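One structure is given here, and the rest of the page talks about it.
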Amino acid sequence: MGGQSTFVKVLLILIAIILCAGFFMTIDSVSRMTVSVERLDEDLSSIREEIADLRNDLSEAGPTIALKNAAGADGGVFANMDLRDPAAFEGDAIVTAMQSESGNLNYLINNESSVGDFWGMTNDSVAERSYRNPDEWQPKLAYAWEISDDKLTYTVHLRNGVLWHDFTDPTTGESFKDVEVTADDFKFFLDVIRNPGIPCGPTRNYYEDLKEIQVFDKHTFRVVWAKRYWMSKELTPGLSPLPKHVYRFDPEKPDEFTENTERNRMIVGCGPWVFERWDKGNRFVFVRNEKYYAPKPYLKRRTIRIIKEPTARLQALRSRTLDRIGLQPEQWAEQTDDDAFNEAFRKFRYPNRAYYYIGYNMQRDPFKDRRVRLACTHLVDRKRILNDVYYGLAQIVTGPFYVKSTSYDKTVEPWPLDVDRAKELLAEAGWRDTDNDGVLDKDGARLEFTFMTVSGGRIFERVAEICREDFAKAGIVVNINPVEWSVYTERLDERNFEVCMLGWSMGWDQDPYQIWHSSQIDVPKGSNHVGFRNAEVDRLIEEARRVFDVDKRSEMYHDLHRILHDEQPYTFLFTPDALVAQDRRFRNAIVYPLGMNVDVFWVAKTEQKYVE
């Protein structure tokens with residue numbers, strides 16, 4: 001009730017101001033102006049008193065903070081409305097491409113970035129980060145929430161009338177229409193990720209300290225954290241509901257959730273895009289949600305085609321069967337600078353919140369030995385790779401945090417290319433060429449391993465080729481094994497590899513627990529697939545979770561960064577630039593600090609390509 005009276009006072013103040021302005025606009029006599037000014041002074045004094053009362057009300061409101069940009073009970077304010085263009089037209093579609101097909105579309109059991117992207121398109125969360133100022137959360141499914149002073153309790157107020165996408169259950173044939181999103185769906189999300197039979201370790205670890213979700217009514221729930229965790233202020237507004245009426249299963253039989261092939265080939269969300277179909281081996285299709293509770297995207301359809309080869313993707317763009325693709329560095333630098341291309345397409349280059357690495361399976365010989373891992377890093381010619389493979393469109397990194405964040409320790413220098421030092425380290429570890437065949441050996445075993453890459457991943461394959469050449473200079477045999485993406489991820493999950501190359505996408509804020517805490521080594525489909533185990537790193541990660549002060553937490557992350565640099569479970573490679581080419585017909589295509597937002601792209605009526 002206190003919050004409602006506060007907003008009523010604000011409303012009365014605004015009405016008073018409008019009445020005063022209207023009063024003075026009707027004045028036609030100079031002699032009456034003096035009287036009016038006196039009255040205005042009185043009104044302003046009254047307004048000042050109201051503001052003072054309002055401040056007192058807020059200061060006495062207890063240990064809660066009202067949501068910035070809250071819309072009130074009518075829920076009229078939505079995230080990122082400032083990105084919308086009042087001159088925009090509706091209509092048209094956008095066709096993009098991805099390299100590899102997903103195993104399934106259930107993001108809780110599939111950690112692929114593409115599946116996360118699809119869920120981001122089709123689902124909404126309590127709030128959404130501002131694209132212009134990503135540290136600010138703005139209303140989405142909730143129109144308001146309150147945060148306790150101790151940062152342990154968040155009370156969330158959902159909008160009325162938000163609907164799940166209509167769908168027909170492929171298992172039972174039952175149809176569901178106009179089902180409302182409720183607080184129970186948020187509680188269901190927590191119940192699912194806490195079920196030990198659900199292999200969702202990468203998600204579960206972020207919510208270890210979430211004590212409970214208390215449901216008060218259909219549109220009100222409370223998130224209670226058992227311990228202070230600095231990411232609670234990000235994870236709580238970032239909570240998305242899970243449709244209880246879709247994923248119905250017996251908690252004692254979690255296989256009903258994980259192995260329901262038909263349900264896991266679709267997505268039922270509450271966001272701006274509705275999953276329409278998945279044509280196996282060909283494309284994913286999404287259509288605009290015409291029942292969406294917030295301002296709708298201007299485009300009507302999004303299609304993501306599966307095109308394995310980068311050359312084929314560029315050809316499809318040039319032939320106008322694709323509208324937008326990510327470019328390879330070589331394509332950016334040498335294949336897309338002609339007049340015909342620039343007339344038809346625009347190119348965008350901006351920082352990519354990701355890094356790539358070579359990972360060593362520390363649960364296998366010879367990579368249990370730090371000296372071998374460090375020797376391998378000394379044999380990776382990162383400057384050559386940067387120039388010859390990335391065309392300078394990347395930045396060499398030394399640790400696990402986004403290179404421009406405060407968590408990243410900029411004082412750490414990359415290990416240099418140094419074949420002689422690599423040989424010394426390998427000799428210290430007992431590897432010598434005892435039979436003079438040019439290959440190091442130890443206890444009768446040759447120093448030889450398999451470098452697993454993604455088939456069709458041109459950059460990965462070129463990096464592996466360069467490594468094979470340089471490792472041979474120190475007497476190491478590298479066998480390159482390109483495999484399909486589905487096989488690649490399966491081997492990672494099963495820890496069935498020796499050396500891999502991969503990348504991690506990073507959110508605006510980063511907690512290293514998922515990748516680097518030793519508890520994640522044996523978690524099914526866990527992200528610590530290299531098997532890194534270090535007690536001091538575990539301690540730093542655990543203690544940093546309780547630190548809300550950014551500077552203090554960054555100091556702890558710098559310590560972690562330096563340990564990883566010394567231990568070299570990864571050879572950290574690069575943060576690449578995002579390189580995008582897209583059709584010039586799309587207007588309002590702007591790069592923000594959080595990236596680009598396709599939902600606000602639009603096309604002039606006369607230029608629309610796909611007309612329904």
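Couple of notes before you dig in:
- In the set (1) 34.2; (2) 27.4; (3) 30.8, the label that goes with mean projected area of the Cα convex hull in nm² computed for this structure is (1).
- Cβ crowding within 10 Å averaged over residues, with 420-429, 134-143 ranked highest first: 134-143, 420-429
- Cross-link table Lys244/Lys291; Lys300/Lys525; Lys383/Lys423, entries beyond 28 Å C-alpha to C-alpha: Lys300/Lys525
- Counting neighbouring Cβ atoms within 10 Å and putting the fewest first, the residues Lys218, Lys244 line up as Lys218, Lys244.
- Amide H contacts under 5 Å for Arg432, placed H, 5+ residues apart: Asp441
- Selection from Ala429, Thr571, Phe586 lying farthest towards where the dipole of the chain points positive, charges on Cβ: Phe586
- Rg/Rh ratio calculated on Cα atoms of the stretch 81-301 (Kirkwood radius): 0.95
- Of the DSSP H helices in the chain, those whose Cα atoms cover at least 20 Å axially and whose Kyte score averages 1.0 or more: 2-25
- R0 of 51 Å, Cβ-Cβ distance Asp191-Ala87: FRET efficiency to nearest 0.05: 0.65
- Surrounding net charge for Thr96, when Lys and Arg each add one and Asp and Glu each subtract one, Cβ distance under 12 Å: +3
- Among Lys291, Lys280, the ranking by other beta carbons within 10 Å of each residue's beta carbon, starting with the fewest, stands as Lys280, Lys291.
- Residues in the stretch 148-154 carry Karplus couplings, in order, of 6, 4, 7, 6, 9, 10, 10 Hz; the curve used is 6.51 cos²θ - 1.76 cosθ + 1.60 with θ = phi - 60°, and Gly or Pro positions show x.
- DSSP assigns beta bridges within the chain; of those with both partners inside it, close to 80 percent run antiparallel.
- Cβ-defined net charge surrounding Ala333, 15 Å radius [Lys, Arg +1; Asp, Glu -1]: -2
- Each residue, Glu252 and Trp504, gets one label point 7 Å from its Cα in the Cβ direction; the gap between the two is 3.9 nm.
- Flagged links, alpha-carbon separation over 20 Å, of Lys233/Lys410; Lys140/Lys347; Lys308/Lys404; Lys140/Lys296: Lys233/Lys410; Lys140/Lys347; Lys308/Lys404
- Relative to one another, the C-alpha centroids of the stretch 166-196 and the stretch 480-516 are positioned 30 Å apart.
Rule-based calculations on the coordinates, nothing more; no lab input. The structure presented is a predicted model; accordingly, all values stated were derived computationally and were not measured. Heads up, the Cβs are rebuilt from the backbone with ideal geometry, glycines too, and the neighbour counts pull from every protein chain shown.
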